[in-house]
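The structure under discussion appears below in the form of structure tokens.
What follows is calculated from the coordinates using simple rules that are stated; it is not laboratory data. All figures in this text were calculated on a predicted structure; none of them were measured in a lab. Cβ sites come from the backbone with ideal geometry, for glycine too, and all protein chains shown count toward neighbours.
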Amino acid sequence: MWTILTDDALLSRLSAKERDILDRVAVDWTQDNALAQIAHEVAEEWRGALRRVTMVDTRTDAVPSEILIHILADFRYRAVTRLPGLRALLDENRVKEWERALAIRDKLATISYEHPAAEYRPEDEAISLPLPHMIPMEHRVLD
């Protein structure tokens, strides 16, 4: 199943302590809806990488649930490092989660994804197959 990456998705994955700090900092934000902007940037980057290996949902900011936890780790890291006063939330475990997320993003071709629901699938001519060098060796068809 594909889901839309939103600021609410991130908020649902934060601890109570993290939410409290985020609520206090939110008052001082100079950007309107900064979390939504970061969510869009993160979704677009992951979707760009996914286009090389699978069919991508046509809805803006839709990402596959199979890797959502890693996408949320990337989202959390970017929010914490970009928004003022949130660096206190960046502990060793959160950095490790972000590093794992980047490792997963680099290996997207090794994961199987559910296709988007029929109404959100791209038209046939918009579907591209992965390049041969993107297909893991064990899945290549050799003549």
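Starting with the highest mean, order 64-73, 12-21 by the number of other Cβ atoms within 10 Å, averaged over the residues of each peptide.
Values: 64-73: 18.8, 12-21: 12.4.
Descending mean neighbour count gives 64-73, 12-21.
How much length, in nm to one decimal, is gained on full extension between residue 41 and residue 59, taken as 0.36 nm per residue of separation minus their Cα-Cα distance? It would help to have the intermediate numbers written out before the result.
Numbers: separation 18, 0.36 × 18 = 6.48 nm, distance 1.44 nm.
Net length gain for the segment: 5.0 nm.
Could you compute the FRET efficiency for residue 3 and residue 90, with r as their C-beta to C-beta distance and R0 at 30 Å, rounded to 0.05? Walk me through the numbers before you get to the answer.
Working: r = 25 Å, r/R0 = 0.84.
Given R0 = 30 Å and the Cβ-Cβ separation, E is 0.75.
What full-extension length gain, to one decimal in nm, is calculated for residue 115 and residue 12 as 0.36 nm per residue of separation minus the Cα-Cα distance? Walk me through the numbers on the way to the answer.
Numbers: separation 103, 0.36 × 103 = 37.08 nm, distance 2.47 nm.
Here the answer is 34.6 nm.
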